[in-house]
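The values are calculated or read from the model by the stated rules, or taken from the named source; none is laboratory data. Not measured: the values here are computed from a predicted model. Every residue, glycine as well, gets a Cβ built from its backbone with ideal geometry; the counts of neighbours run over all protein chains shown. Just the protein is used for accessible areas: all its heavy atoms, side chains included, with ligands, DNA and RNA removed. Shrake-Rupley method; radii C 1.70, N 1.55, O 1.52, S 1.80 Å.
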Amino acid sequence: MSQPLFGGALSITVPDGFVDISQVRQLPDHQEVFASSTTDQSLIVEILEAVDEDNPLEYHFAQLAEANDSRESKVWRVARLS
């Protein structure tokens with residue numbers, strides 16, 4: 001199912017059976033969250049601040065891993081979407 005994000009600025013395809021969590025609880029303006037009604041899977045989309053880094057994706061991923069006390073983190077592949 002195609003789901004508009006951030007007031008229709010972009011959209012994604014959400015798997016069948018996922019519900020929009022903003023219908024259940026309040027979310028920050030920079031976040032969209034969908035969760036499966038039958039499994040413990042979730043889909044989270046966040047808009048992050050711009051950073052002056054060679055690879056901003058790896059930077060933000062490392063920040064997220066550190067904030068969650070991860071012992072290890074690795075980005076396997078980065079590809080630009082067209």
- prompt: Do we find a residue being in contact (Cβ under 8 Å) with a residue 24 or more places away in the chain and open to solvent by less than 60 Å² (accessible area, probe 1.4 Å) anywhere in region 18-30?
  reply: yes
message: Being touching a Gly at 6+ places or on another chain (Cβ under 9 Å) and exposed (fewer than 11 other Cβ atoms within 10 Å of the Cβ): is that true of Ser2 here?
response: no
message: Anything in region 50-74 that is open to solvent by 80 Å² or more (accessible area, probe 1.4 Å), in a loop (DSSP other than H, G, I, E, B) and on the phi < 0 side of the Ramachandran plot? List them, or say none.
response: Ala50, Asp52, Glu53, Asp54, Asn68, Arg71, Glu72, Lys74
message: Could you tell me how many of the residues in region 2-39 are within 23 Å of Leu81 (Cβ to Cβ) and of a type in the set (Val, Ile, Thr)?
response: 4
field: Ser37 polar (S, T, N, Q) and surrounded by 11 or more Cβ atoms within 10 Å (Cβ to Cβ)
entry: no
